[in-house]
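Comments concern the structure below.
The values are calculated or read from the model by the stated rules, or taken from the named source; none is laboratory data. Computed from a predicted structure; not experimentally measured. Positions of Cβ are generated from backbone atoms using ideal geometry, with glycine treated the same way; all protein chains shown enter the neighbour counts.
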Amino acid sequence: MTSTPLAKRKQSTGLTPYTDNWGKAQASHLVRRTHFGNKISDLNRVRAFASATEAAETLVDEAVNAVLPDDPSWYTNGTSGNVLDMYDVQFQRMDNMYNGGFLERMVLFWSNHFAVSYQNMNDLPGKAPNSYSSHMYKYVKLLQTDGLGDFRELVRSVSKNSAMVYYLNNYNNEAGQPNEDFARELLELFALGPNDKDGNTNYTENDVAEVARAVTGWRVNDANLASFFDEDRFDSGEKTILGQTASYDLDGVVDLVFSQREAEAAWFICNKIYVFFVSAEPDATVVQTMAEYCISVNFDLAAVLKNLLSSAHFYDERFMGCRIKSPIESFISFFRQFEIIPSDDIKEYIRVEMQGLNEELLRPDTVFGWSGYNPPDSDGTPGHYAWLNTNLMPARWSIISDLIYGNNDDGDVYDPIRIAGKVSDPLNPFSLAEDIAEHILALPLNQVGIREVEEDFAGNPDLHPGNINNQGNEYVPGYSEFPEYKINLTKILLGEIPWYEWTANTDNDGNLYYEDYFAEALRQYISYLIQLPAYQLI
Amino acid sequence: MCNHHNHKPTKNRHGASLEHGEAHTQDHQSWTRRSFLSTLGIGALGSGLMLGGIPVNAMARTKFLNRLSAAENDRILILIQLSGGNDGLNTVIPFENDVYYQKRPTIAITKEQSIQLNDEIGIHPAMASLEPLWGNGNMAVFNNVGYEDPNRSHARATDIWTSGSSSNMNVGTGWAGRYLLEDNPDYIANPPEYPLGVRIGGSATLFQSEFGNLGVTFGGASQFAQFLEQGGFYSEEDVPANEFGRSLSFARKVANSSFRYLESIQNAADNSTNLSEYPDSGLARSLSVVARLVRGGLPTKVFLVSRGGFDTHNNQGGIEGGHANLLADIANSVQALYADLEADGLQDRVLTMTFSEFGRTLDENSSQGTDHGSSAPVMVFGPVNGGIYGEHANLIDLDNSGDPVYEMDYRSIYSSILTSWFGLEIDDTETVLQGEFEDLGFVNALATSNEPGSAPISFTLHQNYPNPFNPSTNISFVLPDAGAVKVSVYDIKGSLIEVLTDRTLRAGEHTIAFDARNLASGTYIYRLDTPFGSTSRKMTLLK
């Protein structure tokens, strides 16, 4: 891995484009942040772009122009309140996370920003116990189609989405009996946030009450999954919101918020985008620059993301590996790193495990989404600290270890031969150990904290990898230049296997395979790597 | 509880210094006599497949019935892996065998140089420091240990020894891993607060189980010191002062405090020190860590340490040189370990066994070394019935490569350790080792009580039947007395699936049916809680 010495790194403040070398480190970083972990094919593709700008623009454009797959038959055949169909929506997310790229990243971002929990909808009798799976599917589709357009229009369309109308109880908000639930979250969670960048309040309690009146009248038709405006339930009187008075309705409120609080809204969403894509510790100056740019492009989210993902700031090495993986990132990135295509059994296993950890997709705990994705608490604690504690971390270890050893319904013990051939030379334990570690760890390997192995290499001491052979070269070329971590990693991989015995064989069909004990050594090596604290970082 | 050392010869015998030479012939003879007694069993029965040592003590056998629970059994096994293939023929020397001297013109150890254990064999002079252990009957030598169709690849042969399998089998788990699960059937539902195995170097496979690796690994004694100093495996301070450094520090902090065994290891280390000096070698330092953990009360039963460099293809030397230095390191380190343990009477709790993936060729090669061979001796130290077990290879009946053919299956040593040292029931030992191997009688079985008939009648949980099953099976257990009983089923993650019964039952045998038609295929754990104790077993649902 090429890395610039610490002292030379410039602390970039603006969003000037990254124009230095477009190398593996940069491409990996972009893939990790825009996909779900490094998959070799994505890394190679992104690395082949000429520059950060070309890479970022291509990835974002592809997401904007993505053709969505056909709807599942359970969705086209009528409305569903079957929980298995809800699980199917989750499984589709997992498949897309595995196969796809940036679009599904954005779906995850928005499903946290505009949090909706399916649980809430099937729980309450007045809601949609017989159609919630379909409403949730439609909600996700909206995030897919509108998630990289105009942020203002996204806020508008999500506000009218049937799942949201149900979730925040706006279906039950009529003139004379305003329900403030949705109104409050529209201001606090979706469009503005309670405070601006300097800590001043963005709106008052009275504004909330008045917005609640303005957004009355919305209902949902479960038969066609459409929300609709019911004039009879609407409070058509005048409202005073953010200092302006008129007979606002929902559209009017959205327009008003973005016109009266344009700078605050831009800062709010850019801060959240920054935290999700760059660092859990937002850089106020850069976020301000993003917000100004956001306004200049009329809240075009695709442009904002292209700008950020191609910036010199984004590629600063201090951000590479600075984000703690969310649970879904942790599992899907493991699959992508090792090219384990999630089977139905595995997806169900992951779903159940995530449910057990209270982290199931599309089922956030609260209206705030998951704090792990969100900006720091009021006391400054980075949100992503919420992803790890002394229960959650061992749970990740054991779940991934179960996936390696087939201790789930799928039952397949992982065979590492294919990934060994893809990331490295499967016959060379030195490059193999280093390349696999580099493939799955976001940090420079000298920062990772590899276990120091005091014992020397196994086998004949005369054949020590650093000794000189008959041709006058080191047995293992370049050995004397190997960094400490590489030697330790190789020793951890090899254990009691002499380096010169490490090999793979070819079967009758010409495919490489490892003898069981080499495959097992690799599985144990991978188990070691995934338990490194650095493995939790992306 | 280990009262089987009454037969030990008197310590501090005059002339017991184990230096080679004529001066000590008298003393050697006295060891020889006792050694002969020890090997009488095999001597009388001849060689071949009769591999047993002295007949198994009938009294000891009855004690198997009262196997102690894990908590009550404080016996410990240390495995020392001699990595690379130790030259057994220069470790235990057949000094009366001309073939040995013909085949090894420069590296052979003469009769006079060797430390004679009996009239025919002796050990390498570099191992002189083992004298007190040998002299006190705390050392057993097993001749010509191996297995059918030996493999000469380091990797595969190590895999065979650590997995405890035959050369035509591939077993993904280690024999110690399987034993520790057998010994801790509650492991998944109710994992202990201490590591079941501790590994300081050596093959990770040893502790591999179907539920992952049961061993905690330290890279060496200095990493152990670092572990204690920083309160875990990872430094929370040694990170760059930037965004990823802060996240890394946080993840390390969580990892350190998530490490389940942190406290038990820290406590054990805090509670104790080494009570004597150790030589300046990596192996000795590793053993000093083990001694400290044992003394500090860590309930871990199996430790693995290793010493590499035994792959002596070139210039291995004779009484001096590379191989001699390796043997001296083993001997001096083991001696130091037991000197330390003896300082406060811990030596009777600790059995230490050496093993290596293979021996080396009988023929010295053209580089004054030896190549990968076949069978080799194993040494066991501690509270053993000291002496020599099995006969040295005669060096006439050789395999196709011109090397000795094994006579003692290495798994019979494992089997003896599991059954007699750890008190595993014979059926369970056979399950662990996937076969039946003779008890060699070199360790005495666990004593539970000196008074016949006073052994407690314990409750028993039988293996479910049928197993594997689909969709229902029967779970039987025996209660010594009436009492409140709860039978529960868990999945392998430890989540409760169902409580099958929770009520007061009479004494005697009970059977409860378990219907799993709504469950997925897989391993489940059933647990019996009684006023007399709790225990669990595994069962497999196959749909």
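Scanning the stretch B:498-543 for residues that are outside any strand (DSSP E or B) and under 23 Å from B:Pro468 (Cβ atoms) yields a count of 8. None of A:Pro465, A:Pro426, A:Pro477 is assigned to a loop (DSSP other than H, G, I, E, B), in contact (Cβ under 8 Å) with a residue 40 or more places away in the chain and more than 10 Å from chain B (Cβ to nearest Cβ) except A:Pro426.
When A:Ser431 is tested against (1) under 25 Å from B:Glu210 (Cα atoms); (2) more than 8 Å from chain B (Cβ to nearest Cβ); (3) small (Gly, Ala, Ser), just one condition goes unmet, and that condition is (1). With respect to A:Asn112, determine if the residue is in a helix (DSSP H, G or I) and free of Cβ contacts under 8 Å to residues at least 12 places away in the same chain. For A:Asn112, the condition - in a helix (DSSP H, G or I) and free of Cβ contacts under 8 Å to residues at least 12 places away in the same chain - is not met. Please verify whether B:Ser163 is touching a strand residue (DSSP E or B) at 6+ places or on another chain (Cβ under 9 Å) and within 14 Å of chain A (Cβ to nearest Cβ), treating the condition exactly as stated. Considered against the rule, which asks whether it is touching a strand residue (DSSP E or B) at 6+ places or on another chain (Cβ under 9 Å) and within 14 Å of chain A (Cβ to nearest Cβ), B:Ser163 comes out as yes. Surrounded by fewer than 16 Cβ atoms within 10 Å (Cβ to Cβ) and closer than 30 Å to A:Ala386 by Cβ: which single residue out of A:Asn470, A:Asn446 fits that description? One residue alone meets the criteria, A:Asn446. If you take the residues of the stretch B:231-250 that are of a type in the set (A, V, I, L, M, F, W, C), surrounded by 20 or more Cβ atoms within 10 Å (Cβ to Cβ) and within 21 Å of A:Asp283 (Cβ to Cβ), which of them is farthest from the chain's Cα centre (by Cα)? Only one residue fits best here, namely B:Phe244. A single member of B:Ala221, B:Ala204 is in contact (Cβ under 8 Å) with a residue 40 or more places away in the chain and of a type in the set (A, V, I, L, M), and it is B:Ala221. Would it be correct to say that A:Asn389 is on the phi < 0 side of the Ramachandran plot, of a type in the set (S, T, N, Q) and without any contact (Cβ under 8 Å) to a residue 40 or more places away in the chain? Answer is yes for this residue.
The rows are residues; the columns are (1) at pLDDT 95 or above; (2) within 19 Å of the chain's Cα centre (by Cα).
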| position | (1), (2) |
| --- | --- |
| B:Asn332 | yes, no |
| B:Asp344 | no, no |
| B:Thr352 | yes, yes |
| B:Glu357 | yes, yes |
| B:Gly369 | yes, no |
| B:Asn400 | no, no |
| B:Tyr410 | yes, yes |
| B:Ile426 | no, yes |
| B:Glu438 | no, yes |
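Looking across the stretch B:230-245, just one residue is more than 10 Å from chain A (Cβ to nearest Cβ) and either at pLDDT 90 or above or touching a Gly at 6+ places or on another chain (Cβ under 8 Å) (or both), and that is B:Glu237.
All conditions in (1) closer than 16 Å to B:Phe259 by Cα; (2) at the interface with chain A (Cβ under 7 Å from one of its Cβ atoms); (3) surrounded by 24 or more Cβ atoms within 10 Å (Cβ to Cβ) hold for B:Gly197, with the sole exception of (2).
Inspect the stretch B:178-193 for any residue being within 14 Å of chain A (Cβ to nearest Cβ), under 18 Å from the mean Cα position of the chain (by Cα) and without any contact (Cβ under 8 Å) to a residue 40 or more places away in the chain and give the result as yes or no. Yes, the stretch B:178-193 contains at least one residue that is within 14 Å of chain A (Cβ to nearest Cβ), under 18 Å from the mean Cα position of the chain (by Cα) and without any contact (Cβ under 8 Å) to a residue 40 or more places away in the chain. Within the stretch B:284-316, the set of residues being crowded, with 19+ Cβ neighbours inside 10 Å, away from every other protein chain (no Cβ under 12 Å), in contact (Cβ under 8 Å) with a residue 60 or more places away in the chain and not aromatic (Phe, Trp, Tyr) comprises B:Leu287, B:Ser288, B:Val290, B:Leu293, B:Val294, B:Leu298, B:Thr300, B:Lys301, B:Val302.
Cβ separations smaller than 8 Å between residues 6+ apart or across chains give the following pairs from the stretch A:138-149 residues that are under 11 Å from A:Asn65 (Cα atoms) to residues that are among the aliphatic types (A, V, I, L, M) and not in a helix (DSSP H, G or I): A:Gln144/A:Ala66; A:Gln144/A:Leu68; A:Thr145/A:Leu68. Pairs linking a residue in the stretch A:349-364 that is touching a residue at least 40 places away in the same chain (Cβ under 8 Å) to a residue that is outside any loop (DSSP other than H, G, I, E, B) and basic (Lys, Arg), with Cβ atoms under 8 Å and 6 or more positions apart or on different chains, are A:Glu360/A:Arg351; A:Leu361/A:Arg93; A:Leu361/A:Arg351; A:Leu362/A:Arg93.
Condition check ((1) crowded, with 19+ Cβ neighbours inside 10 Å; (2) within 14 Å of another protein chain (Cβ to nearest Cβ); (3) over 16 Å from A:Thr16 (Cα atoms)) across all residues:
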| site | (1), (2), (3) |
| --- | --- |
| A:Cys270 | yes, no, yes |
| A:Asn298 | no, no, yes |
| A:Ala303 | no, no, no |
| A:Ile341 | no, no, yes |
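Please pick out the residue among A:Ile404, A:Ile399, A:Ile350 that is closer than 21 Å to B:Gly494 by Cβ and away from every other protein chain (no Cβ under 12 Å).
Among A:Ile404, A:Ile399, A:Ile350, only A:Ile350 is closer than 21 Å to B:Gly494 by Cβ and away from every other protein chain (no Cβ under 12 Å).
Of the residues screened, A:Pro533 is one that is within 14 Å of chain B (Cβ to nearest Cβ), buried (at least 22 other Cβ atoms within 10 Å of the Cβ) and modelled with pLDDT of 95 or more. Put simply, of B:Thr162, B:Thr158 the only residue that is part of a helix (DSSP H, G or I), among the hydroxyl-bearing types (Ser, Thr, Tyr) and touching an Asp or Glu at 6+ places or on another chain (Cβ under 6 Å) is B:Thr158. Given the criteria assigned to a helix (DSSP H, G or I) and farther than 30 Å from A:Arg396 by Cβ, does A:Tyr517 qualify? Answer is no for this residue.
Can you tell which of A:Val352, A:Val413 is modelled with pLDDT under 95, hydrophobic (A, V, I, L, M, F, W, C) and in a loop (DSSP other than H, G, I, E, B)?
A:Val413
Sort out which residues of the stretch A:176-233 are in a strand (DSSP E or B) and of a type in the set (Gly, Ala, Ser), and write them in order of number. Matches in the stretch A:176-233: A:Ala226, A:Ser227. Of the residues making up the stretch B:200-220, those that are assigned to a loop (DSSP other than H, G, I, E, B) and crowded, with 24+ Cβ neighbours inside 10 Å are B:Gly201, B:Gly202, B:Ser203, B:Leu214.
Considering (1) away from chain B (no Cβ under 12 Å); (2) aliphatic (A, V, I, L, M); (3) not in a loop (DSSP other than H, G, I, E, B), the lone condition that A:Ile492 does not fulfil carries the number (1). The criterion of being over 26 Å from A:Ser343 (Cα atoms) and either surrounded by fewer than 20 Cβ atoms within 10 Å (Cβ to Cβ) or more than 8 Å from every other protein chain (Cβ to nearest Cβ) (or both) holds for A:Asp379.
Across the stretch A:499-527, the number of residues qualifying as within 8 Å of chain B (Cβ to nearest Cβ) and either surrounded by fewer than 23 Cβ atoms within 10 Å (Cβ to Cβ) or touching a strand residue (DSSP E or B) at 6+ places or on another chain (Cβ under 8 Å) (or both) comes to 7. The lone criterion from (1) within 20 Å of B:Gly215 (Cβ to Cβ); (2) at the interface with another protein chain (Cβ under 7 Å from one of its Cβ atoms) left unmet by A:Leu443 is number (1).
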